[in-house]
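The values are calculated or read from the model by the stated rules, or taken from the named source; none is laboratory data. Everything numeric in this text was worked out from a predicted model, so none of it was measured. All Cβ positions, glycine included, derive from the backbone under ideal geometry; neighbour counts span all protein chains shown. Note: areas computed on protein heavy atoms with side chains; ligands, DNA, RNA excluded. Shrake-Rupley method; radii C 1.70, N 1.55, O 1.52, S 1.80 Å.
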Amino acid sequence: MEVLMKMWIVLLLLSVCSETVICYSDGKVEVACGDMTPQHGHEPITKNPPFNITTDKSQFSPGDKIKVTLSMASSSEGKHYFKGFLIEARNAGNLNEIVGSFKLIDPEISQLLTCDSKEGSAVSHTGKSHKTEVQVIWVAPSDSPSSVQFLVTVAQGYKEYWVKSPGPVVSQNGVAPPPQTTFGGSIGAQTTTSSILSRSFTSEGCGSMKSCLRDPEGCDPQNDTACHFLSFRALGSSVMFELSGPAEGYVSFALSQDKWMGKDDVYLCIRDTDRVEIKAAYVSGRTHPVYSSQNILKDTAWRLSDGVIQCSFRRDIILPPENLNRFSLDQIYYLFMAHGRAEDGRTHRHDRQPLISTYQTKITGPPEDLIGSRSPLLMKYHGAFMLIAWTSTVSAGVIMARYFKPNWPERNILGQKVWFQLHRMLMALTVLLTLVGFVLPFMYRGGWSKRAGIHPYLGCVVMALAVIQPVMALFRPAPDASRRYIFNWMHFGTGTAAQVVAVVTIFLGIHQQALSLPAPWSTGVLAAIVVWFVLADLVLEVHQRGFLPIGNHLCWMNPLNCKR
């Protein structure tokens with residue numbers, strides 16, 4: 001049974017090979033309630049929209065319900081669907097005032113939002129599925145103005161959207177409707193014309209004329225297409241930045257006051273087909289960046305060659321007060337470098353753990369040749385402790401108790417048999433390593449990780465089982481007790497379960513970005529260790545049962561017991 005359990009572990013691990021991350025738009029866009037502009041960082045389309053917004057009434061009384069329909073125009077060209085939307089009702093005489101509330105007709109594709117502290121005052125999408133029509137109910141309030149206009153923002157894609165498109169105006173009974181207000185929508189993120197770089201960046205002058213952060217350390221982007229490179233140098237009242245790296249969609253860097261993502265000043269170079277868009281952004285947490293609506297970058301330039309994205313720009317050291325989320329460049333910061341995929345201008349999560357500078361540096365300070373790491377030291381210790389505990393000490397402890405007991409029956413250390421003392425020492429070391437390794441990620445993350453999949457949940461299970469085992473052993477009955485077999489089975493079951501879950505958790509853990517382990521070699525090495533342990537256990541089990549011709553004892557441990 002034990003051997004079958006070990007073989008089952010190997011089969012189970014074959015299925016633990018990859019991690020899938022699903023990301024979708026959930027329509028929680030309260031941040032856009034005011035200007036109704038998506039935080040996409042692109043200019044909205046101003047030409048005639050390919051959709052209609054209609055109402056089933058043109059007049060109303062307080063408390064009346066009006067059906068509002070958003071649908072694709074029958075004569076529209078191109079895409080015949082939309083993905084995202086935001087519908088609001090506003091005072092036709094003052095379009096900054098949100099009026100009334102909505103009720104849903106189809107909660108599968110629409111949801112209520114709280115805008116301007118008014119619950120249900122706007123409606124948005126629930127997902128990015130293709131839609132051709134959405135219907136909602138608007139309820140007129142008791143203090144409704146004389147006329148109300150419906151406004152809508154509609155997105156067909158990340159770069160294809162119409163902002164604040166005017167819909168019909170409805171008026172209270174007996175009130176003549178005012179002239180309908182028309183406008184072209186609000187302004188999105190500002191862009192500037194960029195030039196094309198004539199040649200690649202170089203590491204010449206790093207540490208003497210400019211500060212540089214590179215991965216691999218010491219690489220030169222001029223000669224190495226695998227080089228991730230960031231340089232900066234002060235030029236009067238501004239700083240010139242150069243950023244380069246191989247990526248499918250974007251390269252980026254951030255200024256941060258700590259080594260954890262969130263509340264950071266970010267700069268991205270995003271590939272858009274055969275050109276590069278250079279943007280400033282801000283991240284409040286582990287979320288998509290919010291692009292700046294202010295044009296703060298100067299002398300922008302870019303280059304695409306051999307899968308490498310390069311861009312450069314200048315930014316003033318001190319910015320006007322209205323740039324709330326921009327950091328002053330005369331302070332010290334940690335530097336982050338990241339790269340990843342982009343789709344229709346929307347960046348996805350970075351492909352690898354970001355490169356983080358080892359220490360803070362002053363952006364306008366003396367030139368330095370900086371160093372960094374993609375794998376935090378605490379996470380390295382976490383992985384090492386768990387690997388030693390569950391592929392080394394626990395395996396040795398199990399083998400010691402299961403197969404070495406007959407070879408040292410009378411030998412004692414400190415009043416206990418040798419095999420038992422070694423077994424207890426190895427298992428205590430396993431629990432200690434597990435406990436320390438368990439705490440380290442919480443110290444690094446500052447809390448629970450929401451992007452590590454089921455790995456942390458399984459880790460909690462392993463920690464619990466590891467603590468239960470020694471507690472259970474403290475209350476074990478005497479060897480000759482009538483109910484000793486109950487303890488034996490519980491001890492065996494809990495220990496085996498802990499091993500199985502721990503090894504599966506380790507296989508999931510080696511794919512975490514924070515460890516930055518080489519794939520697929522790390523998976524292969526770990527699989528080889530597990531297979532070796534299973535085969536060793538199988539050989540010892542068969543030998544113990546007397547099926548091998550060398551006898552009932554370990555011949556290599558005690559040659560006198562070998563049968564000739």
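In region 421-435, which residues are crowded, with 17+ Cβ neighbours inside 10 Å and over 22 Å from Leu378 (Cα atoms)?
If the condition is that a residue be crowded, with 17+ Cβ neighbours inside 10 Å and over 22 Å from Leu378 (Cα atoms), then Gln421, Leu422, His423, Leu426, Met427 are the ones that fit.
Being open to solvent by 10 Å² or more (accessible area, probe 1.4 Å) and modelled with pLDDT of 95 or more narrows it down to one residue among Val308, Val290; which is it?
Val308
Give the residues of region 250-274 that are free of Cβ contacts under 8 Å to residues at least 60 places away in the same chain and open to solvent by 60 Å² or more (accessible area, probe 1.4 Å), sorted by residue number.
Lys263, Thr273, Asp274
Of the numbered conditions (1) at negative phi; (2) hydroxyl-bearing (Ser, Thr, Tyr); (3) without any contact (Cβ under 8 Å) to a residue 60 or more places away in the chain, Ser144 fails exactly one; give the number of that condition.
(3)
Here is a yes/no grid of residues against (1) part of a strand (DSSP E or B); (2) aliphatic (A, V, I, L, M); (3) open to solvent by 30 Å² or more (accessible area, probe 1.4 Å):
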{"site": "Ser121", "(1), (2), (3)": "yes, no, no"}
{"site": "Ser129", "(1), (2), (3)": "no, no, yes"}
{"site": "Ile137", "(1), (2), (3)": "yes, yes, yes"}
{"site": "Ser142", "(1), (2), (3)": "no, no, yes"}
{"site": "Pro145", "(1), (2), (3)": "no, no, no"}
{"site": "Val148", "(1), (2), (3)": "yes, yes, no"}
{"site": "Lys159", "(1), (2), (3)": "no, no, yes"}
{"site": "Ser165", "(1), (2), (3)": "yes, no, no"}
{"site": "Ser171", "(1), (2), (3)": "yes, no, no"}
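For Ala452, only one of the following conditions fails: (1) assigned to a helix (DSSP H, G or I); (2) under 30 Å from Val531 (Cα atoms); (3) open to solvent by less than 50 Å² (accessible area, probe 1.4 Å). What is its number?
Looking at each condition in turn, Ala452 falls short on (1).
Hey, can you tell me all the residues within region 474-495 that are exposed (fewer than 14 other Cβ atoms within 10 Å of the Cβ) and in a helix (DSSP H, G or I)?
Leu474, Arg484, Tyr485, Ile486, Asn488, Trp489, Gly493
Report, by residue number, each residue of region 109-119 that is assigned to a strand (DSSP E or B) and of a type in the set (Ser, Thr, Tyr).
Just the residues of region 109-119 that are assigned to a strand (DSSP E or B), to begin with: 110-115, 118-119.
If the condition is that a residue be assigned to a strand (DSSP E or B) and of a type in the set (Ser, Thr, Tyr), then Ser110, Thr114 are the ones that fit.
So Glu97 clears everything in (1) within 36 Å of the chain's Cα centre (by Cα); (2) among the acidic types (Asp, Glu); (3) not in a loop (DSSP other than H, G, I, E, B) except one condition, right? Which one?
(1) is the only condition that Glu97 fails.
Hey, among the residues in region 203-217 that are open to solvent by less than 50 Å² (accessible area, probe 1.4 Å) and of a type in the set (Gly, Ala, Ser), which one's nearest to the chain's Cα centre (by Cα)?
The qualifying residue nearest to the chain's Cα centre (by Cα) is Ser211.
If a residue must be touching a strand residue (DSSP E or B) at 6+ places or on another chain (Cβ under 9 Å) and at pLDDT below 90, how many such residues does region 264-278 contain? I'd like the intermediate steps shown before the answer.
Step one: list which residues in region 264-278 are touching a strand residue (DSSP E or B) at 6+ places or on another chain (Cβ under 9 Å), which gives 264-272, 274-278.
Subset that is at pLDDT below 90: 272, 274-275, 277.
Within region 264-278, residues that are touching a strand residue (DSSP E or B) at 6+ places or on another chain (Cβ under 9 Å) and at pLDDT below 90 number 4.
On the given criteria, is Ala514 open to solvent by less than 60 Å² (accessible area, probe 1.4 Å), assigned to a loop (DSSP other than H, G, I, E, B), at pLDDT 85 or above and more than 18 Å from Thr391 (Cα to Cα)?
It is false that Ala514 is open to solvent by less than 60 Å² (accessible area, probe 1.4 Å), assigned to a loop (DSSP other than H, G, I, E, B), at pLDDT 85 or above and more than 18 Å from Thr391 (Cα to Cα).
Please state which of the following conditions Gln353 fails to meet, knowing it meets all the rest: (1) assigned to a strand (DSSP E or B); (2) crowded, with 17+ Cβ neighbours inside 10 Å.
(1)
What residue, among those in region 77-89 that are surrounded by 18 or more Cβ atoms within 10 Å (Cβ to Cβ) and touching a Pro at 6+ places or on another chain (Cβ under 9 Å), is nearest to Lys128 (Cα to Cα)? Walk me through how you get there before you give the answer.
Taking region 77-89 first, the residues surrounded by 18 or more Cβ atoms within 10 Å (Cβ to Cβ) are 82-89.
Going one step further and asking which of them are touching a Pro at 6+ places or on another chain (Cβ under 9 Å), we end up with 82, 84, 86.
Details: Phe82: 9, Gly84: 6, Leu86: 13 Å.
Looking at the filtered set, the residue picked out is Gly84.
Would you pick out the residues in region 219-238 that are in contact (Cβ under 8 Å) with a residue 40 or more places away in the chain and not charged (D, E, K, R)? Walk me through it before giving the result.
Initially, region 219-238 is screened for residues in contact (Cβ under 8 Å) with a residue 40 or more places away in the chain, giving 221, 225, 228, 230, 232-235, 237-238.
Answer for region 219-238, where residues must be in contact (Cβ under 8 Å) with a residue 40 or more places away in the chain and not charged (D, E, K, R): Pro221, Thr225, His228, Leu230, Phe232, Ala234, Leu235, Ser237, Ser238.
Out of curiosity, is Tyr457 within 22 Å of Phe404 (Cβ to Cβ), open to solvent by 70 Å² or more (accessible area, probe 1.4 Å), of a type in the set (Ser, Thr, Tyr) and assigned to a helix (DSSP H, G or I)?
The answer is no for Tyr457.
Of the residues Val539, Val503, Val534, which is within 26 Å of Met427 (Cα to Cα), out of contact with any Asp or Glu (no Cβ under 9 Å at 6 or more places or on another chain), at pLDDT 90 or above and not charged (D, E, K, R)? Let's see the steps before the verdict.
Numbers: Val539 fails: at pLDDT 90 or above; Val534 fails: at pLDDT 90 or above.
Criteria check complete, one pass: Val503.
Out of contact with any His (no Cβ under 7 Å at 6 or more places or on another chain), at pLDDT 75 or above and open to solvent by 80 Å² or more (accessible area, probe 1.4 Å): which single residue out of Asn48, Asn52 fits that description?
None of the other options fit; the residue is Asn48.
Hey, among Ala301, Ala226, Ala281, which residue is hydrophobic (A, V, I, L, M, F, W, C), open to solvent by less than 10 Å² (accessible area, probe 1.4 Å) and over 18 Å from the mean Cα position of the chain (by Cα)?
Ala301
Could you list all residues from region 229-240 that are out of contact with any Pro (no Cβ under 6 Å at 6 or more places or on another chain) and open to solvent by less than 10 Å² (accessible area, probe 1.4 Å)?
If we filter region 229-240 for residues that are out of contact with any Pro (no Cβ under 6 Å at 6 or more places or on another chain), which is where we start, we get 230-240.
The answer is Leu230, Ser231, Phe232, Ser238, Val239.
Output the qualifying pairs, or none if there are none: Cβ atoms under 7 angstrom, residues six or more apart or on different chains, first residue in region 206-217 and modelled with pLDDT under 95, second residue buried (at least 19 other Cβ atoms within 10 Å of the Cβ) and not hydrophobic (A, V, I, L, M, F, W, C).
Note: pairs meeting the criteria are Asp215/His228; Asp215/Gly372.
Would you mind stating whether Gly63 is at pLDDT 85 or above, surrounded by fewer than 13 Cβ atoms within 10 Å (Cβ to Cβ), of a type outside the set (S, T, N, Q) and out of contact with any Leu (no Cβ under 6 Å at 6 or more places or on another chain)?
On the way: at pLDDT 85 or above: yes; surrounded by fewer than 13 Cβ atoms within 10 Å (Cβ to Cβ): yes; of a type outside the set (S, T, N, Q): yes; out of contact with any Leu (no Cβ under 6 Å at 6 or more places or on another chain): yes.
For Gly63, the condition - at pLDDT 85 or above, surrounded by fewer than 13 Cβ atoms within 10 Å (Cβ to Cβ), of a type outside the set (S, T, N, Q) and out of contact with any Leu (no Cβ under 6 Å at 6 or more places or on another chain) - is met.
Among the residues of region 371-381, is any in a helix (DSSP H, G or I), modelled with pLDDT under 85 and open to solvent by 50 Å² or more (accessible area, probe 1.4 Å)?
Looking through region 371-381, at least one residue is in a helix (DSSP H, G or I), modelled with pLDDT under 85 and open to solvent by 50 Å² or more (accessible area, probe 1.4 Å).
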